[in-house]
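Written out below as structure tokens is the structure these notes cover.
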Amino acid sequence: MKFVFVADFFAEDVAGGGELNNEEAIFLLREEFEVIKKKSALIDLSFLKKNKDSFFIVSGFLGMRPDVKQALINDHKYIIYEHDHKYLKSRNPAPYENFLAPKTEIVNFDLYKKSKAVLVQTSFHKQIMKKNLEIDNIISLGGNLWSVNDLENMRNLANKKKRQACSIMKSDIHHKNTADALKYCLAKKLPYTLVASKNYQEFIEALSDNDTLVFFPKTPETLSRVVVEARMMGMKVITNNLVGATREEWFELKGSSLVDVMTRKRETIVEAIKKVFLNE
């Protein structure tokens, strides 16, 4: 088996949650299979022809040309590994009642419908997507991927003595909504620290200095890695109803118990990917 992992960006380009997850998925798949990384904007018809017998894992396709997208749909075996809401023009279902967007806002419908499977982050993510696309090939993975080293680091940080204060993720991304987290802490007169996304390890270390994460996203977070990371480090979380992780059964866990759950996801998520293609 040979896989082509397609994304708009990889972790060496952008250290976002989706990219970090994908990097670990690629690492784990490479323990058994050949895996080629390819940016969506760099795929042409010639590349598809050369890789006719490969299995495509499509995590990002925003840079993909329409003719390439159609050829993928028509002639190749692929799954979509979805991290957000690319089936909507705005990529944000939050403004719509019950997260149900008008049909005029739906895009890329055939790409999702004709995929062998659409792998999503949580049951919350699946619920929103199924409501909008009305397709039956959606599989919830119920978690995300971290490296063994990162998981063990968070296990250790769970035992670190923490200040009775709030950590707020400092982000220029509008939908991460740093402003409302700040307003909350100021209104409640809670001490807080703004934690900037510098080096990942430094960010995690700084986040765990305090005992509480405050996070109020504006867009439905399909999982929210930072929320799961906070729980793995033994922190309380103050958030809204737009965080997919909070709907999962394991969310009540924290510290080592939750690290154990996410450690098992390293096996179950990769098995879910393999199962789709092996059940030919």
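If you scan the stretch 141-177, which residues turn out to be under 23 Å from Phe124 (Cα atoms) and either over 20 Å from the mean Cα position of the chain (by Cα) or β-branched (Val, Ile, Thr) (or both)? Please lay out each step first, then the result.
Step one: list which residues in the stretch 141-177 are under 23 Å from Phe124 (Cα atoms), which gives 141-146, 169, 173-177.
Within the stretch 141-177, Ile173 is the sole residue that qualifies.
Annotation: of all residues in the stretch 69-84 being crowded, with 21+ Cβ neighbours inside 10 Å and not acidic (Asp, Glu), the one that is farthest from the chain's Cα centre (by Cα) is Leu72.
For the stretch 226-246, the set of residues classified as of a type outside the set (Ser, Thr, Tyr) and under 16 Å from the mean Cα position of the chain (by Cα) consists of Val226, Val227, Val228, Glu229, Ala230, Leu242, Val243, Gly244, Ala245, listed by residue number.
Considering only residues of the stretch 132-151 that are touching a residue at least 24 places away in the same chain (Cβ under 8 Å) and not aliphatic (A, V, I, L, M), which is nearest to Lys89 (Cα to Cα)?
From the stretch 132-151, those touching a residue at least 24 places away in the same chain (Cβ under 8 Å) are 132-133, 137, 139, 141-148, 150-151; that's our starting set.
From what's left, not aliphatic (A, V, I, L, M): 132, 137, 142-144, 146-147, 150.
Numbers: Asn132: 12, Asn137: 21, Gly142: 25, Gly143: 25, Asn144: 25, Trp146: 30, Ser147: 33, Asp150: 34 Å.
Here the answer is Asn132.
Scan the stretch 1-30 for residues that are among the small types (Gly, Ala, Ser) and free of Cβ contacts under 8 Å to residues at least 12 places away in the same chain and the total you get is 1.
Tallying residues that are surrounded by fewer than 14 Cβ atoms within 10 Å (Cβ to Cβ), outside any loop (DSSP other than H, G, I, E, B) and either of a type in the set (Phe, Trp, Tyr) or modelled with pLDDT under 95 (or both) within the stretch 156-181 yields 1. Among the residues examined, Val195 does not qualify as surrounded by 17 or more Cβ atoms within 10 Å (Cβ to Cβ), closer than 16 Å to Asn144 by Cβ and either modelled with pLDDT of 95 or more or not aromatic (Phe, Trp, Tyr) (or both).
Where in the stretch 31-84 are there strands (runs of 3 or more DSSP E), lying wholly inside it, with at least 1 residues that are free of Cβ contacts under 8 Å to residues at least 40 places away in the same chain and basic (Lys, Arg)?
Details: elements: 34-39, 55-58, 77-81.
Because the criterion is at least 1 residues that are free of Cβ contacts under 8 Å to residues at least 40 places away in the same chain and basic (Lys, Arg), the strands (runs of 3 or more DSSP E) in the stretch 31-84 that meet it are 34-39.
Taking the listed residues Asn132, Asn149, Asn153, the one that is surrounded by fewer than 16 Cβ atoms within 10 Å (Cβ to Cβ) and either in a helix (DSSP H, G or I) or of a type in the set (A, V, I, L, M) (or both) is Asn149, with no other qualifying. Within the stretch 222-257, the set of residues being of a type outside the set (Val, Ile, Thr), assigned to a helix (DSSP H, G or I) and within 19 Å of Phe124 (Cα to Cα) comprises Arg225, Glu229, Arg231, Gly244, Ala245, Arg247, Glu249, Trp250, Phe251, Glu252.
Would you say Thr268 is surrounded by fewer than 16 Cβ atoms within 10 Å (Cβ to Cβ), touching a Leu at 6+ places or on another chain (Cβ under 9 Å) and either in the same structural domain as Ser123 (by TED's automatic domain parsing) or within 23 Å of Glu82 (Cβ to Cβ) (or both)? Steps first, please.
Values: surrounded by fewer than 16 Cβ atoms within 10 Å (Cβ to Cβ): yes; touching a Leu at 6+ places or on another chain (Cβ under 9 Å): yes; either in the same structural domain as Ser123 (by TED's automatic domain parsing) or within 23 Å of Glu82 (Cβ to Cβ) (or both): yes.
Spelling it out, Thr268 is indeed surrounded by fewer than 16 Cβ atoms within 10 Å (Cβ to Cβ), touching a Leu at 6+ places or on another chain (Cβ under 9 Å) and either in the same structural domain as Ser123 (by TED's automatic domain parsing) or within 23 Å of Glu82 (Cβ to Cβ) (or both).
The values are calculated or read from the model by the stated rules, or taken from the named source; none is laboratory data. The model shown is predicted, which means the values in this text are computed figures rather than measured ones. Please note: Cβ atoms are built from the backbone with ideal geometry, for glycine as well, and neighbour counts cover all protein chains shown.
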